[in-house]
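We did not get these values from a lab; they are worked out from the coordinates using the rules stated. Owing to the predicted nature of the structure, the values given are computational and were not obtained by experimental measurement. Neighbour counts run over all protein chains shown; Cβ positions are idealised from the backbone, glycine included.
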Amino acid sequence: MMERRLDAYRIDSELAHSSLCTIYRATEESLGRPVLIKQLHPSAAADDDIRKRFEREAQVCALVKHENIVDIYRYDPNPAQTLLVMEYVEGLSLGELVQVKGRIPHTVALPILAAALKGLAHAHSKDVVHRDLKPDNILISHSGQVKIADFGLATHPEAEKITHQGQLVGTPAYMPPEQISGKQPDQRSDLYSLGATFYEVLTGQTPFQGENFSEILKNILSSRPPRPAFLIPEIPPEVDQLITRLMERNPNQRFATAAQALSEVERIAAQLNIPLHNSVIAQFISVEAEKPATTIARKSSTISRIDFKRPVSVWNIVFVGLAAIALVVFFAMLLSPDDSPTTQLSRQVLNPVKSNVNAVKQSQTEEGQSPLLPNVSLSDTTRVERNLNSDQSRVAEPSSGSKKITLDSAKIAGDKPTPEPKPKTEEFIDPNLPAQVSISCKPWANVTVDNVPYGSAEHKIHIKLTPGEHQFVFTNLAFPQPVSKTIFLKPGERVELDINLWDYFGQIQLLSVKPWAYIFIDKVDYGSTPRASPIILPFGKYTIELRNPACKVWRSTVEIKPGDALVKITVELERL
């Protein structure tokens with residue numbers, strides 16, 4: 001068989017084919033390296049919009065060369081054979097990894113996120129906004145190298161605007177609210193999409209789901225997804241807070257830059273003792289590769305990714321089946337006498353409310369039987385209700401509008417009246433009676449109890465917990481680490497828990513440093529002076545260094561302790 005070639009490239013295999021282009025894995029023989037080739041079909045190349053988009057992807061990729069971004073090798077604009085030759089990543093996409101694994105532990109997800117943020121920070125430094133970040137556009141090599149791919153929808157100030165007014169671009173499940181609303185996406189929009197991507201990575205499901213395109217967009221604009229730690233309790237509070245902040249609906253409440261988000265990931269990784277190395281990712285992938293090939297079902301009962309090119313689906317079949325049944329019933333009604341069994345059945349099908357009411361009335365004539373629970377007497381139902389009420393597992397405080405429905409067994413035919421309880425001579429406390437805890441926090445914090453999130457304590461929140469020992473964690477990203485408190489709760493106990501974060505942290509304020517200096521505290525870089533806001537740190541001793549290339553290094557040890565929580569520093573550096 002004759003080998004197929006495209007210019008200097010030997011075609012090894014066809015990876016994908018669409019109406020616009022064909023994607024090949026090929027070999028650049030002169031350099032002996034594998035490449036990825038996108039070949040635009042001549043008919044598509046004749047379309048100005050498609051050709052410009054193809055060309056812009058090449059220009060953007062050439063602009064953002066970085067180890068965490070897929071590299072471009074060549075662009076050939078020849079209309080008869082338009083080629084885009086790119087780096088071929090031997091491995092798999094993040095989407096494929098999640099598809100196989102179901103979800104990825106935070107110890108592996110954080111190194112992947114850190115690498116993606118490095119690539120994104122570089123792209124943003126070149127004023128490039130990706131606009132289509134998702135699991136399928138983050139590639140991982142067998143060596144654990146992470147690379148952002150597919151800049152086909154990216155924007156750049158100098159690039160020609162291709163998207164028409166009112167045209168919505170991107171993948172719905174990962175699209176930020178401002179992009180859906182028609183506002184111009186910026187760097188913070190990419191951070192939202194990255195947050196939605198790693199929400200799926202950590203939990204195994206997309207944050208917003210729906211049966212169709214419009215329903216997903218509506219849910220993004222009008223609702224909030226459950227916090228990642230609510231779905232997967234093993235996710236640490238710090239990681240939960242990180243993803244939540246990346247996905248804030250208001251762009252001003254997200255991280256301002258990818259570099260700032262990367263700094264937070266590095267801080268969390270250091271705190272949790274998680275190495276951010278490619279070897280961690282490579283080891284995880286190699287372990288998965290050694291397992292038998294299996295497909296793990298996604299934890300989603302609704303459609304989160306929509307393939308608009310698929311002509312037939314299960315829903316099509318169900319819809320056609322229901323439509324056929326409806327037509328049969330309708331014509332049966334027209335052709336059958338009013339009192340025939342067919343007409344009666346048709347009325348029940350077309351009027352289920354009325355037929356259900358009749359069924360209830362008929363079943364009520366049978367003494368002691370519940371119309372809603374076949375073969376279960378009402379006395380049995382009462383016992384089930386009592387068993388449910390004895391379950392004292394952790395529950396959230398019921399809303400003021402909730403009502404509890406009970407059955408009066410004395411009024412039920414066929415059931416014996418319950419005897420009046422005898423007066424208790426001694427006070428008895430049920431050992432399973434839940435404790436009630438009221439929580440407030442200043443300035444504010446997100447609260448988790450035993451790794452279960454309970455929302456923000458900006459205002460007082462009330463929860464019920466089983467008796468025993470519980471760990472409360474309070475997280476505010478303005479403070480360098482969460483505050484943890486362990487409390488033992490007694491049955492039926494009422495506890496008021498008031499937390500002031502400033503009882504656990506102090507501040508170092510550099511009032512004046514002349515001429516100026518880089519700030520290092522225990523060898524951690526805190527930027528440079530002048531610095532308007534104080535540096536918040538836990539109580540303890542710290543070594544501060546102020547460095548200016550033209551001056552001697554200023555070094556001092558300070559202690560932050562309760563009662564003297566603000567350390568003010570004024571320094572005039574000695575010149576060399």
(Q) Among 117-129, 450-462, how do they line up by average Cβ neighbours within 10 Å per residue, starting with the highest? (A) 117-129, 450-462
(Q) Relative contact order for region 1-88: what percent, with Cα pairs under 8 Å and sequence separation of 6 or more? (A) 23
Q) Past the 29 Å Cα-Cα mark, which pairs from K118/K183; K460/K485; K52/K101? A) K52/K101
Q) So, in Å, what gap is there between the alpha-carbon centers of region 9-56 and region 531-575? A) 56
Q. Can you list the residues, at least 5 places off or on another chain, whose amide H is less than 5 Å from the amide H of A445, using H built in the peptide plane?
A. A457, E458
Q) Quick one: putting +1 on the C-beta of Lys and Arg, -1 on the C-beta of Asp and Glu, what dipole do you get for region 435-502 around its Cα centre, in Debye to the nearest 20? A) 80
Q: Take every Cα-Cα distance within region 435-502, group them into 5 Å bins from 0 onward, and report for each bin the whole-number percent of pairs it holds.
A: 4, 18, 32, 26, 13, 5, 1, 0
Q: Please report, in whole Å, how far the alpha carbons of region 1-88 spread along each principal axis, starting with the longest.
A: 36, 34, 20
